[in-house]
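Since the structure comes first, as structure tokens, the remarks are kept for the end.
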Amino acid sequence: MTQAPAIPKELLAKAVSRGWTSERAASDTIELALAKGFSLEQIGVAMDMGLTPERAAEYLQMASALRAPGGNVFNDQQSEYIDQLKKGRFDLEWLNDPRPTVGIRATMKDPERGLTLQDINRAYAGVPEDAPEYRTMAPRGSAFDADVPDMGYVYNQKYQVWSDNVVALYEEACSRQWSATRDIPWGELKPLPPDLERAQCQIATLLTEVEMIASDFPAKWLWQMNQHFHEVKMFLCTQAMDEARHLEVFRKRALANGGGLMRCLTGTETFLKSILHAPTYVQGSFLMHVLGEGLVLDIFRGGEFLAKNKTEKEIYRLCIQDEARHVSYGTMHLKYFLEHHPEREKAIAEMHALAEVAELGIPGFLTNPFIIEPLAVLMGDGVKGMDKGMEAVRLVWVRMREEYLNRCAIAGFDRRDLTKVPAQAPF
Amino acid sequence: MTKFPSVEWFQALSERAAADKEEFKRLGYFDANVGVKIDANGSGAKGYVLEFAGYVVRSVKDVADPVAESNFTIEGSLDAWTDMVRNIQDHGEPDLNHTLNRLTMAGVPMKVVAKDQLEVDLFYRFNQTLQAFFNEAAALPTEFAHG
């Protein structure tokens, strides 16, 4: 048996600098790793990659010896199983399900549509009503070992993530996916007068900039949601894909017809940062799904309204559909959150405090010359018609405010008498 | 020739859409009751409800109050509806000024009415399918009620 190498002081110092509690504790863990056959270099690299002492201890507990005598890579349990297999004996414990679902046959309500989540939820372990006892990736309704590791999920209560329309919205999203490459008639894009092209491209630049927040935001929170609520996580995955496609399609529009990518502003980035760094999921969801995407939905409607060719019509119409799904989830999530929060009044008060500040984003958005002037140019059919075009901006102002307030009302979060956003555009 | 507006006209449109099922499957399913309200230029209103289910329209019926029996209703004058259908027929599809979103966004000449915003949002969520459905009018021989 070879002697384990001495642990260099530099490695111990690195461990402490990476947050390992003490040189003594680090030394114990490193000695165990060395005994399992890991090299000093591997241990150093693992520390550089962010391995915590807790994770290291967990891993070493389970890990097979990396360099066991004779090159054996199997632990005792694996070796014993191999011996049994050699004797033709199977374990078959996997058939010994304490909660058997054998015999479950989910049936399609509509064979033409296929087997939906609603179909399987009707059959077994459907919409969850409970807070899960475990924080595991094991599928809802399956049997699993009692000592499964804790995944560290933060959102383990249904009200923190759920909305009553999320299962249907997931299926709808899957059914209505489209391709920015294949499904847009790019060949119909024809040269526009320079002022119209520039206006369209300023809007396309803005949308290229803002859309991906709605991929980054769900991605940030997904891993923190208990997999018991897998439908929510799956829907948010479709949203991430939708927004990737929106970035794609508006970037393509900006670069496909001579106008090019134009200007992005600090104010817009600041709003995006407030979403990305919202301290809780529901706060970020309100900012993004209800407020932000509600505004963008009306920009999409306006884009379709003002489109100068079939290409733009198709782009905006397809984006309208995607965005409306996200807004519908956000609205119903807010409703579910507020209706089921254990301290409902406190939760409502906190959301009002957030909304009071966040709503300033609406006048901020609609007094931004980089947004409203391109819209006015498109509406007025050119720079010369901008005055007339401002009528469309005034219309968008009223519509954005109304639809936002309507969605808040559906969520049981009435802002109509509280909002400071003027009912009419002040210009 | 099928008279517009009538239950028969919307049924004929539904049959055309059903024959084009692969295209509607590509767009995705659509579950909603869609109301159509046509104000007949001072002589009362005609109302219809189209039941979209999956990739087809399952039923069409005339009703007195489509708003009460639908998820959302598209309202407009007979002139506005006729203009839209004629435009689709003239161009094989709507021109830039005659898409459903374009016609309804400002509230004139058409508007979308529903009991709440979530139902209005259905009009947005299924807009492409709804547009494709009305685009089927391009080749539907139609007798207009006026004009």
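Structure notes:
- The coefficient of translational diffusion for the protein assembly as shown, derived via Stokes-Einstein from the alpha carbon Kirkwood radius under 10 °C and 1.306 mPa s, stands at 58 µm²/s.
- A simple charge model with +1 on the Cβ of Lys and Arg, -1 on the Cβ of Asp and Glu and nothing else charged puts the dipole of region A:158-411 at about 400 debye relative to its Cα centre.
- Order of A:GLU10, B:GLU51 - criterion: other Cβ atoms within 10 Å of each residue's Cβ, fewest first: A:GLU10, B:GLU51
- A:VAL148/A:LYS220 FRET efficiency (R0 35 Å; Cβ-Cβ; nearest 0.05): 0.90
- Taking A:ARG407, A:ARG89 and counting other C-beta atoms within 10 Å, the order from fewest to most: A:ARG89, A:ARG407
- Positive end of the dipole of the protein assembly as shown (Cβ unit charges, origin at the Cα centre): among A:TRP178, A:ALA278, A:THR266, the Cα lying farthest that way belongs to A:THR266.
- Placing unit charges on the Cβ atoms of the charged side chains and taking the dipole of the protein assembly as shown about its Cα centre, the candidate lying farthest along the positive direction among B:GLY28, A:ASN368, A:PHE413 is A:ASN368.
- With the convex hull of the Cα atoms taken as the outline of region A:158-411, the averaged projected area works out to 12.7 nm².
- Rounded to the nearest 20 debye, dipole of region B:1-111 from Cβ charges on Lys, Arg, Asp, Glu: 100 debye
- Per-residue Cβ neighbour rank within 10 angstrom, fewest leading, A:LEU85, A:LEU192, A:LEU276: A:LEU85, A:LEU276, A:LEU192
- Computed over neighbours whose Cβ is under 12 Å from that of A:ARG198, the net charge equals -2, Lys and Arg +1, Asp and Glu -1.
- For a paramagnetic label modelled on A:GLN77 (point 7 Å from Cα along Cα→Cβ), amide N atoms under 20 Å away belong, within region A:136-158, to A:136-139, A:142-152.
- Legend: calculated FRET efficiency, A:ARG182 to A:HIS230, from the Cβ-Cβ distance at R0 = 51 Å, rounded to 0.05, equals 0.95.
- For chain A, the Cβ-based charge dipole about the Cα centre amounts to some 820 debye (Lys, Arg positive; Asp, Glu negative; other atoms uncharged).
- Mean sequence separation of contacting Cα pairs (under 8 Å, at least six apart), scaled by the length of region A:185-310, corresponds to a relative contact order of 36 percent.
- Dipole-positive endmost among A:ALA347, A:LEU318, A:TYR336 within region A:291-356 (Cβ charges, Cα centre): A:LEU318
- Distance in nm between pseudo-label sites at B:ALA19 and B:LYS115 (7 Å out along the Cβ direction from Cα): 3.7 nm
- Relative contact order %, chain B, counting alpha carbon pairs below 8 Å whose residues are six or more apart: 28 percent
- Calculated FRET efficiency, A:HIS352 to A:ALA409, Cβ-Cβ distance, R0 = 22 Å: about 0.95 to the nearest 0.05.
- Take the convex hull of the alpha carbons in region A:258-358; its mean projected area over all directions comes to 7.7 nm².
Rule-based calculations on the coordinates, nothing more; no lab input. What you see is a predicted model, and the numbers here were worked out from it, not measured in a lab. As a convention, Cβ positions derive from the backbone with ideal geometry for all residues, glycine included, and neighbour counts pool all protein chains shown.
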